[in-house]
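Just so you know, all these numbers are worked out from the coordinates, no wet-lab data involved. Predicted model only: the values in this text are computed from it and were never measured. Because the Cβ atoms are built from the backbone with ideal geometry, glycine has one as well, and the counts that use them run over all protein chains shown.
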Amino acid sequence: LEGFGTIVESFDAAQVDIVTWPRAGWRPIVDGTGNEGGVVEDVFEMQRVGGCLYAVNHAVERRYITGWYEDPAVAHDEREPESTDTLYTHEANYHPDGGQIFFPRDGEPFVALLAKPGDDIRPEDFVAFYFDGSFGVQIFPNVWHQPLFPQSDVMVFNNKQGRVHACVSVDFIGEFQTYLAVPLEPPA
């Protein structure tokens with residue numbers, strides 16, 4: 001995980017990395033300011049409905065469709081996919097203001113799709129990391145990610161992140177005319 005994040009063994013003890021607001025000119029940010037937005041904490045729910053994967057981030061009150069288990073053009077939440085071994089996703093984002101900690105509540109395995117910082121990102125820069133569910137992960141500020149992908153149909157994470165929650169995103173369809181295929185099975 002070097003350069004992407006760190007393993008989190010205790011959700012309660014883990015501290016979210018918060019980044020001081022960048023200065024606009026040559027004058028420095030006053031010590032102790034620019035990082036006072038704080039941290040917000042709540043659950044992050046993932047649920048497969050038919051061929052679609054949905055996410056609800058209760059900490060920032062956002063809902064997302066994070067991917068499809070078959071060709072997104074035909075995937076539907078009222079039809080079961082032939083397989084749930086691969087997820088197709090269309091976007092990723094990063095938070096310049098702080099990290100994000102995900103910790104599985106029930107010890108279930110999951111996959112984190114991550115890419116190192118830099119706005120000149122390409123689909124091939126992304127790496128899928130498999131986690132066995134015995135620990136969580138803190139995704140560093142500026143690291144590209146998607147919500148974490150469960151192997152089960154429903155999964156709940158404890159979630160901590162910066163309250164500001166600035167997002168910079170990449171649209172794989174609009175920029176690269178492709179989806180990313182993310183393997184969800186453990187490596188052989």
Is it true that some residue in the range 37-46 is touching a residue at least 60 places away in the same chain (Cβ under 8 Å), hydrophobic (A, V, I, L, M, F, W, C) and touching a Gly at 6+ places or on another chain (Cβ under 6 Å)?
no
Restricting to the range 119-140, what's the tally of residues that are part of a loop (DSSP other than H, G, I, E, B) and surrounded by fewer than 20 Cβ atoms within 10 Å (Cβ to Cβ)?
8
Matching residues in the range 16-45 (assigned to a loop (DSSP other than H, G, I, E, B) and among the hydrophobic types (A, V, I, L, M, F, W, C)) number 7
Among residues of the range 9-48 being under 23 Å from residue 106 (Cβ atoms) and loosely packed, with under 14 Cβ neighbours inside 10 Å, the residue nearest to the chain's Cα centre (by Cα) is 43
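Output the number of residues of the range 18-32 satisfying the condition of being at positive phi and touching a strand residue (DSSP E or B) at 6+ places or on another chain (Cβ under 6 Å). Reasoning before the result, please.
If we filter the range 18-32 for residues that are at positive phi, which is where we start, we get 32.
Filter once more, so that each one left must be touching a strand residue (DSSP E or B) at 6+ places or on another chain (Cβ under 6 Å): none.
Total satisfying the criteria: 0.
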Being of a type in the set (S, T, N, Q) and out of contact with any Gly (no Cβ under 7 Å at 6 or more places or on another chain) is the filter; apply it to the range 141-174 and report the residue that is surrounded by the fewest Cβ atoms within 10 Å (Cβ to Cβ).
169
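Quick grid of which residues meet (1) under 12 Å from the mean Cα position of the chain (by Cα); (2) farther than 19 Å from residue 44 by Cβ; (3) not in a strand (DSSP E or B):
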position: 84; (1), (2), (3): no, yes, yes
position: 92; (1), (2), (3): yes, no, no
position: 101; (1), (2), (3): yes, no, no
position: 106; (1), (2), (3): no, no, yes
position: 157; (1), (2), (3): yes, no, no
position: 166; (1), (2), (3): no, no, yes
position: 182; (1), (2), (3): no, no, no
Please go through the range 1-26 and pick out each residue that is under 14 Å from residue 143 (Cα atoms) and of a type in the set (Ser, Thr, Tyr).
6
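What's the total number of residues in the range 66-103 that are more than 18 Å from residue 160 (Cβ to Cβ) and either surrounded by 15 or more Cβ atoms within 10 Å (Cβ to Cβ) or in contact (Cβ under 8 Å) with a residue 24 or more places away in the chain (or both)? Give the derivation first.
Step one: list which residues in the range 66-103 are more than 18 Å from residue 160 (Cβ to Cβ), which gives 66-92.
Filter again for either surrounded by 15 or more Cβ atoms within 10 Å (Cβ to Cβ) or in contact (Cβ under 8 Å) with a residue 24 or more places away in the chain (or both), leaving 66-70, 72, 75-81, 84-92.
Residues meeting the conditions: 22.
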